[in-house]
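Participant: Below: one structure in structure tokens.
Only the coordinates and a few stated rules stand behind these numbers; no lab work does. The shown structure was predicted, so the numbers you read here are calculated from the model rather than taken from an experiment. Here the Cβ is made from the backbone with ideal geometry for all residues, glycine too, and neighbour counts use every protein chain on show.
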């Protein structure tokens, strides 16, 4: 399972809110492995996606579903062609989205060191957010959308837990300590 979205759509916030709440799935933020060696736009960052799929495959062998949080992870064109993809019967995609004005407000509220308030970066994230909203549900496999506009993080986290339960088929097994 992959949870994606533009910067400031709520991925890290939801991932952090789920820690300790969703204990029967392994929750991982893809940013933890990012390093300059993976910055290869010429091959669509293929090694980065391959290493995450390999890790997910091996973790999944423990019997616990893996949920990856990451922006580019949620683009099926980045995942579906990967060699490691063959080890999964299905990959399920969820994108956190929000209204453009809310996205811009969240990005501008970030600390200055994040350098997320430039006009170019803002426009890139607005475009990515719109791509998820307009194109995501039409893809094969489709991307499920979850709008975080005006929704408190705890409520969004509860909705994500329900999505995970539905996808994993473990509605009676996944525990929530809320």
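Participant: Tell me yes or no: at least one residue of segment 145-163 is buried (at least 19 other Cβ atoms within 10 Å of the Cβ), in a strand (DSSP E or B) and in contact with a strand residue (DSSP E or B) (Cβ under 9 Å, 6 or more places away or on another chain).
Facilitator: Scanning segment 145-163, I find at least one residue that is buried (at least 19 other Cβ atoms within 10 Å of the Cβ), in a strand (DSSP E or B) and in contact with a strand residue (DSSP E or B) (Cβ under 9 Å, 6 or more places away or on another chain), so the answer is yes.
Participant: Which of (1) surrounded by 15 or more Cβ atoms within 10 Å (Cβ to Cβ); (2) free of Cβ contacts under 8 Å to residues at least 60 places away in the same chain; (3) more than 13 Å from the chain's Cα centre (by Cα) does residue 107 not meet, given it meets every other one?
Facilitator: The number of the failed condition is (2).
Participant: So, residue 53, is that one outside any loop (DSSP other than H, G, I, E, B), more than 22 Å from residue 123 (Cα to Cα) and touching a strand residue (DSSP E or B) at 6+ places or on another chain (Cβ under 6 Å) or not?
Facilitator: Criteria not met by residue 53.
Participant: May I pose another question? Tell me, which residue of segment 18-50 that is in contact (Cβ under 8 Å) with a residue 24 or more places away in the chain and part of a loop (DSSP other than H, G, I, E, B) is surrounded by the most Cβ atoms within 10 Å (Cβ to Cβ)?
Facilitator: Residue satisfying both the conditions and the ranking: 22.
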